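Worksheet: the structure to be examined is printed underneath.
The values are calculated or read from the model by the stated rules, or taken from the named source; none is laboratory data. Note that this is a predicted model, so its numbers are computed, not measured. No Cβ is skipped: glycine too gets one built from the backbone with ideal geometry, and neighbour counts run over all protein chains shown.
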Amino acid sequence: MHQFMVPQFIDVEDKIFGPITTRQFIILLATGVLDFVLFKLLSFWIFAFVGLLLLAFGGILAFYRVNGMPFHFFLLNLIQTQRRPKLKIWDKTLTDSELRELGKSVNVKTAAPPATKAPPSATKLQELALVVNTGGVFRPDDIGTAR
């Protein structure tokens, strides 16, 4: 019988720089590039305010976990939940009398009952029990040829 290796710890991300994973590195790299662009485009005091907010948001995205999941999954789930309608209303266009009329006019076809097999005879059961008890040494076909 073949033995196969079962992968374990598939939810653990690969580390590239010490304790930093690839996902965290890319988030921090993108945050750094955006901070550099803001530094070149804005005055220092505006950059200091916006850059620190961007750096904090990048750190939260990279390192903070909610219920064991990365923060960006939490944000995606939050956005999807907010976009769904809060109130679900059933649009009932048919009245009760129309539904009754529709139920009367629909032809319901009943399925045929499944075919049942005839139970095995007592002699067949005895032969099968003998085959099982002897470990397959006894064959029912040998009865007719041995006599």
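Of all the residues in the range 74-132, those that are farther than 30 Å from ALA62 by Cβ, in a helix (DSSP H, G or I) and β-branched (Val, Ile, Thr) number 3.
Take THR110 and decide whether it is among the β-branched types (Val, Ile, Thr) and over 30 Å from ARG23 (Cα atoms). Criteria met by THR110. When GLN82 is tested against (1) modelled with pLDDT under 90; (2) surrounded by fewer than 10 Cβ atoms within 10 Å (Cβ to Cβ), just one condition goes unmet, and that condition is (1). Tell me yes or no: at least one residue of the range 45-55 is under 34 Å from the mean Cα position of the chain (by Cα), among the aliphatic types (A, V, I, L, M) and over 30 Å from THR22 (Cβ atoms). The answer is no, given that none of the residues of the range 45-55 is under 34 Å from the mean Cα position of the chain (by Cα), among the aliphatic types (A, V, I, L, M) and over 30 Å from THR22 (Cβ atoms).
Among the residues of the range 79-93, some residue qualifies, meaning at least one is over 31 Å from the mean Cα position of the chain (by Cα) and of a type outside the set (D, E, K, R).
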